[in-house]
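All remarks here apply to the structure that follows.
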Amino acid sequence: MGSFGKNISSTLFLFIGMLIITPGFAIRTNEENQELSQHLEQCHKKVTKRCAIEISNSIYTNNTPSEYCCQKHITTGKACHDDFIKLFISKMPKEKVTFVAAKGDQMWNRCAAIIALAPVA
């Protein structure tokens, strides 16, 4: 991974870590849009810290999250995924927006495919 990938991965890892560790972080980071903030708080409750970090890291590497974390992420719903990506993008330099959006979509699609092929318990 080049320095671009390392820098963006470090930025998102720190951001995700703060989001997961700090209750109410989404509200504080997006005070201008209360509806979005409340939605992100509800989404946040459905994903473990480990999975949030694993999922965010997968956006900047070619790694696929574990089946367990994909299940957690897909369970939050596409609207949660899209809103988290929007929030990440709002904290990134403009030249990285297209990259983050595309990788976020790829990660969602990979997780959806994994879950579609997973055996039913």
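The values are calculated or read from the model by the stated rules, or taken from the named source; none is laboratory data. Everything quoted here is computed from the prediction, not taken from an experiment. Cβ sites come from the backbone with ideal geometry, for glycine too, and all protein chains shown count toward neighbours. The area values use the complete protein model at the heavy-atom level, side chains included, leaving out ligands, DNA and RNA. Shrake-Rupley method; radii C 1.70, N 1.55, O 1.52, S 1.80 Å.
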Output for region 80-96, where each listed residue is at pLDDT 90 or above and open to solvent by less than 50 Å² (accessible area, probe 1.4 Å): C80, H81
In region 29-46, the residues that are open to solvent by 60 Å² or more (accessible area, probe 1.4 Å), at pLDDT 75 or above and either hydrophobic (A, V, I, L, M, F, W, C) or part of a loop (DSSP other than H, G, I, E, B) (or both): K45, K46
Neighbours by Cβ (under 6 Å, 6+ apart or cross-chain): first from region 101-116, within 10 Å of C70 (Cα to Cα); second polar (S, T, N, Q): M107/S58; R110/T64; I115/Q71
Residues (part of a loop (DSSP other than H, G, I, E, B) and surrounded by fewer than 20 Cβ atoms within 10 Å (Cβ to Cβ)) located in region 47-60: T48
Extreme residue, surrounded by the most Cβ atoms within 10 Å (Cβ to Cβ), among residues of region 66-79 that are of a type in the set (S, T, N, Q) and in a helix (DSSP H, G or I): T76
Matching entry among N109, N63 (being open to solvent by 30 Å² or more (accessible area, probe 1.4 Å) and at pLDDT below 90): N63
